[in-house]
Each structure stands twice: as C-alpha cells, then as structure tokens.
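Okay, structure first, notes after.
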Amino acid sequence: MYWAETHTGRVFQRWISEPGVLVQASPGDRSVCLAGVAGHQLLDSLAVDGDADGDGNVCVATLINGGITVVSPAGETSHIEMGDLLTTNICFGDTDGSGHYRDAYITASGTGRLLHMRWPNNGLRLNYQ
C-alpha cells in the first residue's frame, strides 16, 4: 500500500499480509518512507504502474512543479512536466480494449483540463472500476 504525504513531499509504503491487515512496522523502520522529493513540492493523488505484484513505480501528481513525480521501487525519483502548477490526479485506463492500461489521465486543475497521454508502462487497474 502506498500513500503520499502532501506537505512533507514524502511517499510511504506498507505491506499487506492479508486483506485488511498491515504488516506492523517497527519503530524507526526507515523502509516505510519510500522517497522524499526535494524542494518545496506538494504531493497529491497517486497511481501505480507495473505489474500486480507491486513491482512498478508510484506515479504521484505533484503541485508547485506541475507534473507527475515517478518513484521507482528503489526510491529513485524522476519528474514528467505537465505544464500546470496544479497537477492533482493521475489514473490509468484502457482505451483500446487490450487489457493493458497504458493511457494516463491527468487532471490539470489550474487550467481546468483533463490531460491524456500514452504511459511508458502498463498502469494498474483501480480496484473499484
């Protein structure tokens, strides 16, 4: 399970041992924090690409620098510029019926646009679709 902490610019992770049960982290366990982004940036919604085993990247909508921050499983970060300082959401879809979720939909809230781009990796399907 991943989550982004908006004001600190950190992405956290925890492991799920069975439905509804998190593996307990020991006090001071640094592996819970997957990554922190440099500078003043605010993290918003996220999606995961890769395979269903969680071997993919965490893709986080990032405000202030306006884009998607991609965090690898090793905690390395890269950034994809979206041209809107208020990039707030990302999710993946399948527009060609192939079962491969390669279409990224990204909300650009500052300009009120919904952006669409082909993502380099398969995105994971949302559980509630």
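The values are calculated or read from the model by the stated rules, or taken from the named source; none is laboratory data. Just so it is clear, the model here is predicted, and its values are computed rather than measured. Cβ placement follows ideal geometry from the backbone for every residue including glycine, while neighbour counts extend to all protein chains displayed.
Values as computed for the structure displayed
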quantity: Subset of segment 1-55 that is among the charged types (D, E, K, R) and more than 18 Å from the chain's Cα centre (by Cα) - its residue that is nearest to N65 (Cα to Cα); calculated: R30
quantity: Every residue from segment 1-29 that is modelled with pLDDT of 90 or more, farther than 15 Å from D44 by Cα and of a type in the set (D, E); calculated: E18
quantity: Residue in segment 84-129 that is surrounded by the most Cβ atoms within 10 Å (Cβ to Cβ), counting only those that are among the hydroxyl-bearing types (S, T, Y) and free of Cβ contacts under 8 Å to residues at least 24 places away in the same chain; calculated: Y105
quantity: In segment 39-69, residue nearest to D84 (Cα to Cα) [restricted to those that are exposed (fewer than 12 other Cβ atoms within 10 Å of the Cβ) and free of Cβ contacts under 8 Å to residues at least 24 places away in the same chain]; calculated: D55
quantity: Residues that are more than 20 Å from W3 (Cβ to Cβ), part of a strand (DSSP E or B) and among the small types (G, A, S), drawn from segment 79-123; calculated: G93, A108
quantity: All positions within segment 41-55 that are in contact with a Gly (Cβ under 8 Å, 6 or more places away or on another chain) and modelled with pLDDT of 90 or more; calculated: Q41, L42, L43, A47, V48, D49
